[in-house]
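Have a look at the structure below, then the notes.
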Amino acid sequence: MTHLRFRPDFAVNYTDLGAGHPTVVLLHGFPFTSGLWRPQLTALSRQHRVIAPDFRGFGESSLPDGRYALADLADDIAGLLDALSIGGAVLAGLSMGGYVAFEIFRRHRDVVRALILADTRPDPDTPEGRENRLRTAELAHSDGSAAVAEQLLPKLLSPWTRAQERDVERELRDMMESVAPPALEAALMAMADRADSRPLLHRIDVPTLVIVGADDQLTSPDEVRAWSQRIPGARLRVIDRAGHVSNLEQPAAFNEAVLEFLAGPGREGGG
Ligand code: MLT
């Protein structure tokens, strides 16, 4: 784990493993940390340089004062790549990490060599979704991170994971409870205000792999199939026995899909 200090009150923590091309940047979902990518850090770093940052306020990254937008998270990642002299990378984002990947594509197109978009969506929040976010932010404020974890967990995992992989549920719960309420509130507000990335889809001109758990309740396979078809040439992989956290629920299938994609034509260069 290493820190990059942007300002006196703000440092981004990241893990940097492996050496091969292309570099892969793993962008975690909400309300997790870079620890979400534990199985990918091990498997992908055998062949690739892998960078897994913690977003503002999550894991070991600090939370600067005041509100931020998802565009700021995109700028943090572009700043990190610049500081590490990485001219281009494959961005892999799960859910909120996918929202940030879209934002990086919009703001820093030059650093994006390919996209892996898992269990995510390009749409902004509906009015109802926004209301739910505000209620969750209130819950974080009044009852703390454990209450938020309790509310979210039933929606995150496939029936198979819940029955067979109790360790995954425990690992996720621990991760969620480790995040301080102000970080949850700030991220919820940033997601509630996120831009509509649907107009971006047909302009995505880098190789793109879209992944979704077959039992994802939050971003359903039907929904994901529909938007992924609007990205020219995008491939879709549906992972059985996985819900919204497909990378942790079915790491072998997830890693296989990612490694196969990374080995594809045109993905060998870029820093
Ligand atoms: C996530 O996993 O990052 C969340 O489901 C994103 C969201 O709340 O929209």
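The values are calculated or read from the model by the stated rules, or taken from the named source; none is laboratory data. Quantities reported herein were computed from a predicted structural model and do not represent experimental measurements. Note that each Cβ is placed from the backbone with ideal geometry, even for glycine, and that neighbours are counted across all protein chains shown.
Scanning segment 73-110 for residues being closer than 29 Å to G243 by Cβ and either away from the ligand (no atom under 16 Å from the Cβ) or among the aliphatic types (A, V, I, L, M) (or both) gives a total of 15.
What about L115, is it outside any helix (DSSP H, G or I), modelled with pLDDT of 95 or more and either touching a helix residue (DSSP H, G or I) at 6+ places or on another chain (Cβ under 6 Å) or more than 10 Å from the ligand (Cβ to nearest atom) (or both)? In short, yes.
Counting the residues of segment 136-189 that are β-branched (V, I, T) and under 19 Å from N247 (Cβ atoms) gives 3. Of all residues being more than 11 Å from the ligand (Cβ to nearest atom) and either over 15 Å from P182 (Cβ atoms) or among the hydroxyl-bearing types (S, T, Y) (or both) in segment 135-145, which is surrounded by the most Cβ atoms within 10 Å (Cβ to Cβ)? Just the residue, please. Per the stated criteria, the residue is S145. Are any of the residues in segment 12-22 closer than 22 Å to R113 by Cβ, in contact (Cβ under 8 Å) with a residue 60 or more places away in the chain and in a helix (DSSP H, G or I)? No, that holds for no residue.
Looking at R130, is it of a type in the set (D, E, K, R), in contact (Cβ under 8 Å) with a residue 60 or more places away in the chain and outside any helix (DSSP H, G or I)? Answer is no for this residue.
Any chance you could count how many residues in segment 228-262 are within 14 Å of the ligand (Cβ to nearest atom) and either among the acidic types (D, E) or surrounded by fewer than 22 Cβ atoms within 10 Å (Cβ to Cβ) (or both)? Before the answer, list the steps.
Initially, segment 228-262 is screened for residues within 14 Å of the ligand (Cβ to nearest atom), giving 242-249.
Next, only the ones that are either among the acidic types (D, E) or surrounded by fewer than 22 Cβ atoms within 10 Å (Cβ to Cβ) (or both) stay: 249.
The total comes to 1.
In the set (1) within 15 Å of the ligand (Cβ to nearest atom); (2) crowded, with 24+ Cβ neighbours inside 10 Å, the condition left unmet by I51 is number (1). Beta carbons closer than 6 Å, at least 6 apart along the sequence or on distinct chains, pair a first residue in segment 84-111 that is in a strand (DSSP E or B) with a second that is small (G, A, S) and within 16 Å of the ligand (Cβ to nearest atom) for L91/A101; G93/A101; L94/G29; L94/A118. State whether one or more residues within segment 45-53 are under 30 Å from E150 (Cβ atoms) and not in a strand (DSSP E or B). No: zero hits. Whenever a residue of segment 167-190 is without any contact (Cβ under 8 Å) to a residue 24 or more places away in the chain, its partners that are not charged (D, E, K, R), lying with C-beta atoms within less than 8 angstrom and at least six residues away or across chains, give the pairs E169/L153; E169/L157; E169/T161. Filtering segment 83-112 to residues that are within 19 Å of N255 (Cα to Cα) and either at pLDDT below 95 or touching a Ser or Thr at 6+ places or on another chain (Cβ under 6 Å) (or both) leaves A89, S95, G98. Of all residue pairs spaced 6 or more apart or on separate chains, those with beta-carbon atoms under 9 Å, a first member in segment 202-224 that is farther than 14 Å from V258 by Cβ and a second member that is part of a strand (DSSP E or B) and charged (D, E, K, R) are V206/R113.
None of R166, R170, R135, R121 is in contact with a helix residue (DSSP H, G or I) (Cβ under 9 Å, 6 or more places away or on another chain) and among the charged types (D, E, K, R) except R121.
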